[in-house]
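Throughout, read-outs are computed from the coordinates displayed, never taken from laboratory work. Values in this document were obtained by computation on a predicted structure and should not be read as measured data. Here the Cβ positions follow ideal geometry from the backbone for every residue, glycine too, while neighbour counts run over all protein chains shown.
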Amino acid sequence: MLRELPGVSAHFARFPVTEISLSEQSLRQFDDTKILDAARLLADAHVDVICWSGTSASWLGFERDVELCARITQATGIPATTSVLALNELLARQGARTLGLVSPYVEEVQRRIIDNYAGIGIEVVAERHLDISVNFAFSEVEPGTLGVLLREVGRSWPAAMTTLCTNLRAAHLVDGLESEIGIPIYDSVATVVWKALQLCGVDARPVRGWGRLFQVQT
């Protein structure tokens, strides 16, 4: 995504996430202590923004990411954002009140996501999920499968659609499917890159082939 932006580089730290469900073991994976440890490692590289490229707040509650960003900035002195907060900002800018949702998650997680969006006035009018809980398996979902699901969701004509999971191979599909279906598609890998570039003061318009969101400027 960044190859057309000279002088912009991406740096990565991680923490273990192996399962997505509502089990206590799964929920403990998102303990802020682990995320803050990863953020401090990134701070050593003197980065300009720290991003949580993850979607857990979509089922745990959007306030979790607001609080997380505040804690990251408090710990490192560096602005922070997340995939979900960036997605919600894009939906707000668009004025979207209906959403099409595609994810790999299990039913109970998907239901939580739908309820959380209803809580901010956005109705999920069409959804597809793959009932997978193993994180590694998300990466094995074929892009062609995701394309089929997006086309199915698009038949309900939501104002916007999202592929919600940062371990899906979906971001590269967006450009072609937006042109085909005629609906904005916000992939959760791309949303955090978009917001990071904004926070860095970088014009994202040279980023082509990853969806229309990179043409959305402040």
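Under the condition of being in a loop (DSSP other than H, G, I, E, B), surrounded by fewer than 19 Cβ atoms within 10 Å (Cβ to Cβ) and touching a residue at least 60 places away in the same chain (Cβ under 8 Å), the residues counted in the stretch 197-218 number 4. Scanning the stretch 92-122 for residues that are touching a strand residue (DSSP E or B) at 6+ places or on another chain (Cβ under 6 Å) and of a type in the set (A, V, I, L, M), which turns out surrounded by the most Cβ atoms within 10 Å (Cβ to Cβ)? Applying the filter and picking the extreme gives VAL102. Total residues in the stretch 32-65 satisfying the condition of being exposed (fewer than 14 other Cβ atoms within 10 Å of the Cβ) and closer than 24 Å to THR163 by Cα: the figure is 1. In the stretch 1-111, counting only helices (runs of 4 or more DSSP H) that sit wholly within it, the ones holding 1 or more residues that are free of Cβ contacts under 8 Å to residues at least 12 places away in the same chain and among the polar types (S, T, N, Q) span 24-28, 32-43, 62-76. Inspection of the stretch 140-163 identifies at least one residue that is in a loop (DSSP other than H, G, I, E, B), buried (at least 19 other Cβ atoms within 10 Å of the Cβ) and on the phi < 0 side of the Ramachandran plot.
Which one of these is of a type outside the set (S, T, N, Q), assigned to a loop (DSSP other than H, G, I, E, B) and under 29 Å from PHE15 (Cα atoms): LEU173, LEU168?
Values: LEU173 fails: assigned to a loop (DSSP other than H, G, I, E, B).
Step by step, each of LEU173, LEU168 is checked, and only LEU168 is of a type outside the set (S, T, N, Q), assigned to a loop (DSSP other than H, G, I, E, B) and under 29 Å from PHE15 (Cα atoms).
Counting just the residues of the stretch 69-91 that are over 15 Å from the mean Cα position of the chain (by Cα) and not polar (S, T, N, Q), which one comes out surrounded by the fewest Cβ atoms within 10 Å (Cβ to Cβ)?
That would be GLY77.
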